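Heads up: the structure comes next, in structure tokens.
No value in this document is a laboratory result; all are computed from the given coordinates. Note that this is a predicted model, so its numbers are computed, not measured. Cβ sites come from the backbone with ideal geometry, for glycine too, and all protein chains shown count toward neighbours.
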Amino acid sequence: MDFEGFVNTEYTALAQFTGALTGDVHTAEDVLADALPKASDRWSRISAMDKPSAYVRRMIVTTYLSDRRKTARRRTDPSGDDRLLDRAVPDGSDQVIDRDEVQRLLSRLSPKQRAVIVLRYLADWDDKQISEALDCSPATVRSQASQARAALRLSDEAPIERY
């Protein structure tokens, strides 16, 4: 499969993954826009792998964590231009409420804890895969996950019922 075909097939899943990881649609767009050209440049090597989408997700996580370390963040200003807004879609308020709750809870975590939780529960990665993506030991992954779950349990917010 060529890179364009990969992006056409996987873009929605990658965008959802990046959105959950960053907690902000604008930051997610920036991270994805930074990671995909890097993947394109390395596509001949990535496409030969057993799971190219897993490697691209790892690139997204690395890009996100790298961007979080930068002191100067890019900002996206909201637009009042109706021509730039999305078209009307059916009401999805329940999904919005659920996503908002998840994002509020995830925003309380450190970037590394957030990455561990998103990779474990959204991407369904095991400790070894997460440790390789984050360049740390599996014990560190378990520790970060434990600390993140403890922080979420101590939250004053209502527990997450569904996602």
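Can you order the peptides 6-18, 112-124 by their average number of other Cβ atoms within 10 Å per residue, highest first?
For the peptides 6-18, 112-124, the packing ranking is 112-124, 6-18.
For I130, neighbours were defined as the other residues whose beta-carbon sits under 13 Å from its Cβ, and their charges (Lys and Arg +1, Asp and Glu -1) total +2.
Calculated FRET efficiency, R108 to D81, Cβ-Cβ distance, R0 = 30 Å: about 0.35 to the nearest 0.05.
Counting Lys and Arg as +1 and Asp and Glu as -1 over every other residue whose Cβ lies under 10 Å from the Cβ of V141, the net charge comes to +1. Net length available on complete extension from D135 to R42 is 31.5 nm, with 0.36 nm assigned per residue and the Cα-Cα distance removed.
Work out, step by step, the length gained on full extension between A15 and Y121: first 0.36 nm times the residue separation, then minus their alpha carbon distance; give nm to one decimal.
Details: separation 106, 0.36 × 106 = 38.16 nm, distance 1.60 nm.
So the chain would gain 36.6 nm between A15 and Y121.
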